[in-house]
Amino acid sequence: MGRRENPIAPCDKALLALARWLRSRREAAGLNYTQLARRTERVRWASLPAGESAKCSADTLLRAASGAKGVPRRKVVLAYAAACDANLAEADRLWRQARYRQIQAAEPLKEKPKHIAYVRDFADLLLAMVDLYRKAGCRSYQDLEDLSGGDLKHSTVWRVLTEQTKRPTRDFVIHFARACGLRGIALREWAQAWERAEDRRTGGAKRPNSRGPVIPMNRGPVPRIRGSLVDGFYLDRARNPGGQDVWKLSRSGVVSETALRQRQEEIALGHRVLSSNELVAARSLNSLRPPARAIPAPRASMEGSPPQGRPQRRARAS
């Protein structure tokens, strides 16, 4: 005989929605908590680390859908949903909402964060990053490092979120937003927010690109074009552990003219953003393109008669 399920305890509306959804999925699957616990021994999902089991006891699963002990762990919620053959993305979304409201109630932010489209300086950007981190469920810093594939360092994430570092790099902001679940246009908005903050910090002064061309060692033009190939030296922007900007000299790869033309068409349609290397090369190719020839006017059919389609000029009075 299955365990008896008590009514959901009074709780926050986001946690209430999560508990109701979990119970509805279990009822739809026709399982009791003992059967559900046995099924968690065999379930897996993409973000579950290799070698780690999703096994949960019946008591743990019962508490997860009771609303009495606060927001359950993410692993328990996903194991519950996977054992019921439910939508894991929906389970994760409901868990994030419940977790976010729990953290906001316990530690409210000092001020309301702005939408990323209205961020203007690094103070606004840091506040928006903290809010995004909370909306992602306040995963551990090590989890963010693992999700980014090592592009983020957990120590750097801690320094940024605790405002020990006042100005994160552009790459860090993009990797952080991606680790928090953002994709596509949302990532571009965060990159643009960093650029606005950097422009505000520098007073609108022109700043170098993250990958900017420099004069090669032989003082030739940049980029040097040999047939259909583009070559040059470039500076890669990075940040040392002390937070200072550093630049490393590197040599760009070879890009064919056909590829540059294709990428120009893609950026015109909004499907691609050219890198600094490709943009400089494309401009150079455009400058080498021969000017368009003017179409000559049609000749007169009879000598002395004006061309068709043009009004005859009146002779000036002497």
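The values are calculated or read from the model by the stated rules, or taken from the named source; none is laboratory data. Everything numeric in this text was worked out from a predicted model, so none of it was measured. We place every Cβ from the backbone using ideal geometry, glycine too, and count neighbours over all the protein chains shown. For accessibility, only protein heavy atoms count, side chains too; no ligands or nucleic acids. Shrake-Rupley method; radii C 1.70, N 1.55, O 1.52, S 1.80 Å.
Observations on the model:
- Its alpha carbons give region 44-116 an Rg and a Dmax of 14.5, 42 Å.
- When you filter the chymotrypsin sites (Phe, Trp or Tyr not before Pro) in region 22-117 for DSSP loop state and at most 14 other Cβ atoms inside 10 Å of their Cβ, you are left with W45.
- Test item: Cα-centred dipole of region 108-168, Lys/Arg +1 and Asp/Glu -1 on Cβ, debye: 240
- Rolling a 1.4 Å probe over the heavy atoms of the protein chains gives region 14-100 an accessible area of 48 Å² per residue.
- Accessible surface comparison of C11, C84, probe 1.4 Å, protein chains only, largest first: the order is C11, C84.
- With the charge dipole of region 78-144 set up from +1 on Lys and Arg Cβ and -1 on Asp and Glu Cβ about the Cα centre, the Cα lying farthest toward the positive end among the listed residues L132, Y80, L94 is that of L132.
- For region 69-170, the Cβ-based charge dipole about the Cα centre amounts to some 260 debye (Lys, Arg positive; Asp, Glu negative; other atoms uncharged).
- Options P10, L22, A65, ranked by Cα towards positive dipole end of region 1-103, top entry (Cβ charges): P10
- Solvent-accessible surface (1.4 angstrom probe) belonging to R25, in square angstrom, nearest 10: 90
- Of H115, H154, the residue with the largest accessible area leads and the full order is H115, H154 (1.4 Å probe).
- Applying a threshold of 19 Å to the alpha-carbon distances of K55/K135; K75/K110; K114/K153; K75/K135; K110/K166 flags K55/K135; K75/K110; K114/K153 as lying beyond it.
- Ranking by accessible area, most exposed first, for E41, E189, E27 with a 1.4 Å probe: E27, E41, E189
- G149 sits among other residues whose Cβ lies under 14 Å from its own Cβ, and their net charge, with Lys and Arg +1 and Asp and Glu -1, is -3.
- Cα-based Rg of region 82-163 normalised by 2.2 N^0.38 Å, two decimals: 1.24
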